[in-house]
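Scroll down for the structure; my scribbles are underneath it.
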Amino acid sequence: MSAAIPAPAQLPFQGTAEQEQQLRALIEEKRDDKGALMPILQGAQEIYGYLPVEVQKIIAEEMDVPLEKVYGVSTFYSQFSLTPKGKHQISVCLGTACYVKGSGLVLDKLKERLEIDSGECTPDREFSLDACRCVGACGLAPVMTIGDDVYGRLTVDQVDGILEKYKQQPHA
């Protein structure tokens, strides 16, 4: 078995020359700082919105560290994402109260309607879907969030109508 880093199912990398220039400037600025890898990864995620393998390779090469180390840090800390996020980030709570009241069915309906799995982004980058453990609104179970909007006491039948609201929003 190879030691290759697994690539999550993801959309094609769409980095620009300007983003790469920003990344290389950040690496140059932080290169000699003790513990520079974390702030460089944080800055890279700010630049790109996530940490695709192409960005991790640049960081590994420029910092002269193994790609496996960059990948290990990127996957260890929950603040980092290896997949792009959509314009509308959906999170479905799978905590105990929400799950018992049907959030698993809501998540399944979202996967079906968006044609993506949890942790993925739609090809048009409109929606990304994630499951979380608790949003702290157990009294409203089951709960999902879309950006800063909270939807509680959800039923599977409400999913299409909620998604339609966001599909109709113009791009910023």
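The values are calculated or read from the model by the stated rules, or taken from the named source; none is laboratory data. Note that this is a predicted model, so its numbers are computed, not measured. Cβ sites come from the backbone with ideal geometry, for glycine too, and all protein chains shown count toward neighbours.
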Checking residue 123 against (1) in contact (Cβ under 8 Å) with a residue 40 or more places away in the chain; (2) surrounded by 15 or more Cβ atoms within 10 Å (Cβ to Cβ): exactly one of these is not met. Which one? (2)
List the pairs whose first member sits in segment 54-76 and is closer than 15 Å to residue 26 by Cβ, whose second member is polar (S, T, N, Q) and assigned to a helix (DSSP H, G or I), and whose Cβ atoms are under 7 Å apart, counting only residues at least 6 apart or on separate chains? 56/74; 70/56
Only one of these is at pLDDT below 95, surrounded by 12 or more Cβ atoms within 10 Å (Cβ to Cβ), out of contact with any Ser or Thr (no Cβ under 8 Å at 6 or more places or on another chain) and not charged (D, E, K, R): 2, 81. Name it. 81
I'd like to verify a number: residues in segment 17-45 that are at pLDDT below 95 and exposed (fewer than 12 other Cβ atoms within 10 Å of the Cβ), how many? 4
Within the bounds of segment 56-77, is there any residue that is closer than 29 Å to residue 116 by Cα, outside any helix (DSSP H, G or I) and aromatic (Phe, Trp, Tyr)? yes
For segment 93-172, list the strands (runs of 3 or more DSSP E) that sit wholly inside it and hold at least 1 residues that are at pLDDT below 95; which are they? 127-132
Qualifying position, being assigned by TED's automatic domain parsing to the domain that holds residue 144 and surrounded by 15 or more Cβ atoms within 10 Å (Cβ to Cβ), among 106, 100: 106
For segment 140-160, the count of residues that are free of Cβ contacts under 8 Å to residues at least 12 places away in the same chain and surrounded by fewer than 16 Cβ atoms within 10 Å (Cβ to Cβ) equals 4
Being part of a helix (DSSP H, G or I) and more than 23 Å from the chain's Cα centre (by Cα) is the filter; apply it to segment 28-53 and report the residue that is nearest to residue 74 (Cα to Cα). 30
Would you call residue 130 exposed (fewer than 13 other Cβ atoms within 10 Å of the Cβ), of a type in the set (Asp, Glu) and not assigned by TED's automatic domain parsing to the domain that holds residue 37? no
